[in-house]
Amino acid sequence: MARYLKKGKNASERADTDTKVRAAVEQVLSDIEKRGDAAVRDYSEKFDNWTPHSFRLSEHEIEKAISQVSKRDLEDIRFAQTQIRSFAEKQRECITDLELEALDGVVLGHRQVPVGAVGCYVPGGKYPLVASAHMGVITAKVAGVARVVAAAPPTLGRAHPATIAAMHLAGVDEILVLGGAQAVGAMAIGTESIMPVDMVVGPGNMYVAEAKRQLFGRVGIDLFAGPTETLVIADDSVDGELCAIDLLGQAEHGPDTLAVLLTTSERLARDTLSEIERQLGILPTARIARQAWEDCGEVIVCDSDEEMLHVADQLAYEHVQVMTREPEYFLKNMKNYGSLCLGPRTNVAYGDKLIGPNHTLPTNRAARYTGGLWVGSFLKTLTYHRVVNDEASALVGAYCSRLCAIEHFAGHAEQANIRVRRYGKRRVEPYGIVD
């Protein structure tokens, strides 16, 4: 039976925080709806101390930002983007249009049509998440989205040069230096200076995630990508040092990051706890990582791989790193996760930054019903049908008439009946039922 050596905050404490966030975001979005640019400017000044003449960067400003990025950094950004674009292109090749003749004279099909305009949020704040520019913009562009807007908050009072370079190299159409719920609201609702988009994607803090949740329906979203979640599944084939850094490396995202070790080895669990304390003494981002670990970190000991699988599927975490003797067991059997990292030679950071698959992944147990952002997220599968001869229309019409009668839809039935009369040359009274 699974037992906890360490537990994080309970659900009621997190629920209280969620309530406060929900109310704050509702106010921001309502204000943007009423006052447009003026509201966006007020919130940007309040939360980011940022009130430029225009939130949208000009071509000159973009070129100036890129000029501040070192040659090596630009090369590294291009390398990452090549991996991400290549994987996205291969995914796109898997998604095809369809047309078939289901019956003689009845043609059915679907088309894959890209969303018209997408807003990609790129988190900033303590860390400029340059990789999110690749993940959002490139994937949308590979899907064929015509207009892609990217928004990122200012960092240290300016547009972050490497983030701007990544957006530009990814092929973005518009760049906004704007953060938080006000950025998501501006892109989704639109203002006097910002044309609204059809869909908003990208990770972010709890305010960004809540803004997407409240706007869902008005615009499409990718998924509820809130604070980072990492689950390390390990046995005694690895050591505490490796497990500790793989937990703390993600805990540095923010104080609300969930980091969990799931293991069949109590010795490994205790070694990892000791290693975490040691590494927190030397990790440059220890202040944030320590709070996340103390508040949200957990260590769970199970009796078998089967029990670990059960617990992991119940947690349904965003990132899952598997470091066991048989990682393929989890690949074959695990159902609820955002993305799997298999074996000790890989890690979540590889997936976060460059290896290929998208790093915008489901959190808050959303992995039970959705996967992460991918090319297909930006495509609408639109169906059509065509009847090309009289006999087919009359045949389908007769069935349709009777099925409509079961549901008492007289108008629907008559749509079928008129075609039975015209194309099947059968006598059917108006609003009757075809024998």
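The values are calculated or read from the model by the stated rules, or taken from the named source; none is laboratory data. These figures come from a predicted structure and were not determined experimentally. Here the Cβ is made from the backbone with ideal geometry for all residues, glycine too, and neighbour counts use every protein chain on show. Side chains are part of the model used for accessible areas, which takes the heavy atoms of the whole protein and leaves out ligands, DNA and RNA. Shrake-Rupley method; radii C 1.70, N 1.55, O 1.52, S 1.80 Å.
Does the range 248-312 classify as rounded, prolate or oblate by the C-alpha gyration tensor (a ≥ b ≥ c root eigenvalues; a/c under 1.5 gives rounded; else a/b over b/c gives prolate, otherwise oblate)? The shape class here is oblate.
If a/c stays under 1.5 just call it rounded; otherwise compare a/b with b/c (prolate if a/b is bigger, oblate if not). Do that for the range 173-239, with a ≥ b ≥ c from the square roots of the Cα gyration tensor eigenvalues. Cα axes put the range 173-239 in the prolate bin.
Here is the list for the range 253-329: trypsin sites (Lys or Arg not before Pro) lying in DSSP coil, each with at most 13 other C-beta atoms within 10 angstrom of its C-beta, are 325. Scaling against 2.2 N^0.38 Å puts the C-alpha radius of gyration of the range 335-435 at 2.02.
In loop segments of the range 341-435 as defined by DSSP, the chymotrypsin sites (Phe, Trp or Tyr not before Pro) with at most 15 further C-beta atoms inside 10 Å of their C-beta are 369, 409, 431.
Here the range 37-85 and the range 324-350 have alpha carbon centers that stand 34 Å from each other.
For the range 1-153, the fraction of 1.4 Å probe accessible surface lying on carbon and sulfur atoms is 51 percent.
Looking at the chain as a GNM with Cα springs under 10 Å, which of 102, 286, 349 has the largest mean-square fluctuation? Its mean-square fluctuation being the largest, the pick is 102. Of all aspartates and glutamates in the structure, the ones whose alpha carbon falls short of 12 Å from that of residue 126, not counting any fewer than 8 places away in one chain, are 48, 252. Can you grab the distance from the C-alpha centre of the range 125-166 to the C-alpha centre of the range 364-435, Å, no decimals? After rounding, the separation between the Cα centres reads 44 Å. P(r) for the range 94-252, from all Cα pairs and a bin width of 10 Å, is 10, 33, 27, 17, 10, 3, 0 %, short bins first.
Our helix-only sum for the chain, with -39,500 (n - 2.57) per DSSP H run of n ≥ 4 divided by its residues, gives a mean residue ellipticity at 222 nm of -14500 deg cm²/dmol. The loop-placed trypsin sites (Lys or Arg not before Pro) in the range 345-435, going by DSSP, that have at most 13 neighbouring Cβ atoms within 10 Å of their Cβ come out as 345, 425, 427. Under 16 Å from a label point set 7 Å out along the Cα-to-Cβ vector of residue 332, no amide N atom of the range 355-398 is found. For the chain, give the share of DSSP beta bridges that are antiparallel, in percent and rounded to the nearest 5; count only bridges with both residues there. Once the DSSP bridges in the chain are tallied, antiparallel ones form about 35 percent.
Rounded to the nearest 20, the size of the Cβ-charge dipole of the chain about its Cα centre is 1020 debye, with Lys and Arg at +1 and Asp and Glu at -1. Our coupling estimate for the range 163-174, obtained by passing each phi through the Karplus curve with A = 6.51, B = -1.76, C = 1.60 and θ = phi - 60°, is 5, 4, 4, 5, 4, 5, 5, 6, x, 5, 9, 9 Hz, Gly and Pro reported as x.
Here the calculated FRET efficiency for residue 277 and residue 429, from their Cβ-Cβ distance with R0 = 60 Å, stands at 0.10, rounded to the nearest 0.05. What FRET efficiency comes out for the pair residue 325/residue 270, r = Cβ-Cβ distance, R0 = 30 Å, nearest 0.05? The value I calculate is 0.90. Taking amide H positions as modeled 1.01 Å from N, with prolines and chain starts lacking one, the residues under 5 Å from residue 226 and 5 or more places away or on another chain are 363.
Modelled this way, with points 7 Å down the Cα-to-C-beta line, the labels at residue 386 and residue 73 are 5.3 nm from one another. Classification of the range 1-86 by its C-alpha gyration tensor yields an oblate form. The axis ratio a/c (a ≥ b ≥ c) is 1.5 or more, and b/c is at least a/b. Stokes-Einstein diffusion for the chain at 4 °C, viscosity 1.567 mPa s, with a Kirkwood radius from C-alpha pairs, works out to 53 µm²/s. Treating r as the C-beta distance of residue 307 and residue 286 and R0 as 56 Å, the FRET efficiency rounds to 0.95. Measuring between alpha carbons in the structure, the pairs from 7/332; 90/335; 90/141; 20/212 lying more than 19 angstrom apart are 7/332; 90/335. Here the scattering of the range 316-390 is modelled by Debye summation over its C-alpha atoms, one equal scatterer each and no solvent; at q = 0.17, 0.23 Å⁻¹ the log10 of I(q)/I(0) is -0.70, -1.10. The GNM of the chain, with springs linking C-alpha atoms under 10 angstrom apart, assigns the highest mean-square fluctuation among 395, 382, 98 to 395. The 3J(HN,Hα) values that the Karplus relation (6.51, -1.76, 1.60; θ = phi - 60°) gives for the range 349-364 are, in residue order, 4, 4, x, 4, 9, 7, 5, x, x, 6, 9, 7, 10, x, 10, 6 Hz. Gly and Pro appear as x.
How would 160, 319 line up by accessible area, probe 1.4 Å, largest first?
Largest accessible area first, the residues go 160, 319.
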